[in-house]
1. For the pairs Lys116/Lys154; Lys111/Lys154; Lys41/Lys111; Lys116/Lys136; Lys31/Lys111, note any where the Cα-Cα span goes beyond 30 Å.
2. Dipole of the stretch 46-153, Cα-centred, from +1 at each Lys and Arg C-beta and -1 at each Asp and Glu C-beta, to the nearest 20 debye?
3. Using 0.36 nm times the number of residues separating Trp124 and Asn36, minus their current alpha carbon distance, what extension gain do you get?
Amino acid sequence: LVGKTCILQRYVDHSFDHSYVSTIGIDFKVKTLHVNGRFIKLQIWDTAGQERFHTISTRYFRGAHGLLIIYDITNVQSFDNVVGWTKDVDTNAGENVDRIILGNKCDLEDKRVVSKEKGQQLAWEHGMKFLETSAKENINIEKAFSILVEDILKKNHSNSQRLDVVNLKKSEKKRCCNR
Ligand SMILES: Nc1nc2c(ncn2[C@@H]2O[C@H](COP(=O)(O)OP(=O)(O)OP(=O)(O)O)[C@@H](O)[C@H]2O)c(=O)[nH]1
C-alpha cells in the first residue's frame, strides 16, 4: 500500500489511478530509455507487499541490478519495515546492487508521520540514496529512476543487454514470529 504500483505506473505510463488493486505475486513493466546515444531496456519488477508473497519477492531481487525500497511517509509501520527489507536485501542481493530508498506520498504533508530527516538518516546508515516522492503529484519519480539507472550504468553493467530494476515494496510487510 505504499504506492509501488502507482510509482511504476507514473514512471512508465505517465498516469495515476486512484483505485487500489493489490498486487498478487509479481508484475513487471518495460521502459526503453535513450541514454548517451544508447537504447536501454529497463525491466521493472513490481513485487507484492504482503507477507504471504515474501519468498517470491525475495527471489526476484536476486538477479536485479537496482532496487527501490519504498515506504509511505504517512505510515510509520511501513518505515519500520524498510529496515527489515534492507537486511533482506543485504542477504539476497549482491553488494554491487544499487539501492535507493523512497518516502512516497509526500503530497500528504498534513498526514505525515515520518520526517524527511528520518528517511535521510536511514538511507545514510545503509549507504543508500534517498528521495521523497509522490506518484500522485508526479514528484521525483523520474528522478528516482534516473539516479538508479545512472548508478547502474556507471557500475560497469554497460555491456549488459538487460537491466532489471526491482521495485521493492516491502514496506507493508508484517514481521512474523518464525522469521
Ligand atoms: N496521496 C497519494 N496516494 C498515493 C500515492 N501513491 C499511491 N497512492 C495511493 O495508495 C494506495 C496504494 O497504492 P499502490 O500503488 O497500489 O500500492 P502498492 O504498494 O503497489 O500496494 P500492494 O500491491 O498491495 O503491495 C492507492 O490507493 C493509491 O491511490 C501518492 O503518491 N500520493
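Readers should treat all values here as calculations from the given coordinates under stated rules, not as data from a laboratory. As the structure is a prediction and not an experimental result, all values here were calculated from the model. Note that each Cβ is placed from the backbone with ideal geometry, even for glycine, and that neighbours are counted across all protein chains shown.
1. Lys111/Lys154; Lys41/Lys111; Lys31/Lys111
2. Here the stretch 46-153 has a charge dipole of around 220 debye.
3. Gain on extension, Trp124 to Asn36, equals 28.8 nm.
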